[in-house]
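Asker: Sharing a structure with you now.
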Amino acid sequence: RIGEDWDLTTTDKNNVVRSNVDEMRARAGVLRTSILKQQLELQRLERQIICCSTNPNVNANSNLASDFVEAPIQTAQRVANTFTSSSNMLIRKLWRVQNKIGPNNKKWESVGDYISSQTLTGVRIVGDLVQNPTRLKRLVDPDTPTLVPHVPAILARLDKLETHVPPILERVLNRRHLAAVEPYLTEVLERFDDIEPHLPWILENVDTLAPYTGLLLKHIDELLLYADAQDISPSDDYALAEQLLPFLEYYVSKLDVIGPHLPLLRPHVPKLLKHNRIAKISPHIDRLFARGYKDLSASANMDVLLFWFGWSLQIPGLPALFFALPGSPRIVSFLANRLPKRFVRGYCNGVTCSVDNDYGGNWNKLQKE
């Protein structure tokens, strides 16, 4: 009897294993089909990107990019435009070095000194690649040739790029993110003085950030305000960015709407992060800021709104019900301007935020002249 029970148990186990294998094979088939559809969609989008980036007046749904005559011409035009833009950036850099404009350009005595320094830096980078064949292998990427038109801009930034070459090769080229970054590479290098201090964190989270390079660059001045999190965690400069990372995809897709509000929201972010409020507000952010740059009262007075109505975010369904109302953006604006501020700001209740287009590092700090 014991032997029979054991045999039955073994048979049952085998049936379960076969059932699991069948399920896994079925799932694998579904995934293959899905991947194939995504690859076809990706190829179609890449053809449209090549077409539209060369000639913005061309309809995105046209088939000109697939034409064997037009496609090479469009590609050549795009390469020429990229090389021209990259060369102009190098010329601007040389001009700033010659006139010693900016603190980073005063360390060279002359343009010749700068060119000599960049040449030596390039030699060191190439020498390091030769000594480390594993890094050199990462350059074997189908998208690597697209870097050629960017060479002048890369040469202009070699001194700052040198220490970041290994992680760039490992995390950008090795993980196939170059296709997402390359169209904006010249703009990235143009703003590299602002980006470079944060590059280690960017490279660490490149899998999340790379697909949104263009949109992030468009609002870089506002976003750089969120790189300093000393008021949230003095020991971690990127504590705030880490907490906002899960909502990145949603916020990036809404950047054109919320972009003007970012500088005004920055002082109130610690309050938004309490009790996971940001996760509860995020699905309604497009309604909260529906009036765009024409009405910044909600972001400027977010601390007041949270003081009076923060409790409502804890009630399931209530935020969704409120923002479903047709006039909810105007109601929020009215309350932000009319609610008493003294309970929140004390003697500073009459202070209002005023931010112009200069989002420097000290945009909200008082300094003696």
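The values are calculated or read from the model by the stated rules, or taken from the named source; none is laboratory data. Only a predicted model underlies this, so the values are computations on that prediction, with no experimental measurement involved. Methodologically, a virtual Cβ is constructed for each residue, glycine included, from the backbone with ideal geometry; neighbour enumeration extends over all protein chains shown. What goes into the accessible areas is simple: the full protein's heavy atoms, side chains included, and nothing from ligands, DNA or RNA. Shrake-Rupley method; radii C 1.70, N 1.55, O 1.52, S 1.80 Å.
Asker: If the chain between Met24 and Ala324 were fully stretched, how many nm would it gain, using 0.36 nm times the residue separation less the Cα-Cα distance?
Answerer: Full-extension gain reported as 103.8 nm.
Asker: Could you pull out the pairs from Lys218/Lys280; Lys254/Lys274; Lys93/Lys137; Lys37/Lys280 whose alpha carbons sit more than 29 Å apart here?
Answerer: Where the Cα-Cα span goes over 29 Å, the pairs concerned are Lys93/Lys137; Lys37/Lys280.
Asker: Sort 261-268, 298-305 by the packing proxy (mean of other Cβ within 10 Å over each peptide's residues), most packed first.
Answerer: 298-305, 261-268
Asker: Can you pull the accessible area of Ser110 for me, 1.4 Å probe, Å² to the nearest 10?
Answerer: Probe radius 1.4 Å; accessible area of Ser110 about 60 Å².
Asker: When only the heavy atoms of the protein chains count and the probe is 1.4 Å, how do Glu196, Glu249 rank by accessible area, highest first?
Answerer: My answer, sorted largest first, is Glu249, Glu196.
Asker: Let me check I've understood the local charge: for Thr213, count other residues with C-beta under 11 angstrom from its C-beta, Lys and Arg +1, Asp and Glu -1. What total comes out?
Answerer: Residues close to Thr213 contribute a combined charge of -1.
Asker: Okay, moving on. Region 282-327 to region 124-181: how many Å between their Cα centroids?
Answerer: If you average the Cα positions of each part, the centres end up 44 Å apart.
Asker: With r defined as the distance between the Cβ atoms of Asp228 and His275 and R0 fixed at 25 Å, what FRET efficiency is calculated, to the nearest 0.05?
Answerer: 0.60
Asker: Would you please name the chymotrypsin sites (Phe, Trp or Tyr not before Pro) within region 98-198 that are DSSP coil residues with at most 15 other C-beta atoms within 10 Å of their C-beta?
Answerer: For chymotrypsin sites (Phe, Trp or Tyr not before Pro) across region 98-198 that sit outside H, G, I, E and B with at most 15 neighbouring Cβ atoms in 10 Å, the list is empty.
Asker: Taking the Cα centre of region 122-177 as the origin, how large is its charge dipole in debye, to the nearest 20, when only Lys and Arg (+1) and Asp and Glu (-1) carry charge on their Cβ atoms?
Answerer: The dipole magnitude comes to about 140 debye.
Asker: Here's a follow-up. Report the local net charge at Thr163: Lys and Arg +1, Asp and Glu -1, summed over other residues whose C-beta lies under 11 Å from its C-beta.
Answerer: -2
Asker: Here's another thing I want to ask about it. Using a probe of 1.4 angstrom, how much of the accessible area of region 278-330 is carbon and sulfur, in percent?
Answerer: Of the solvent-accessible surface of region 278-330, carbon and sulfur hold 69 percent.
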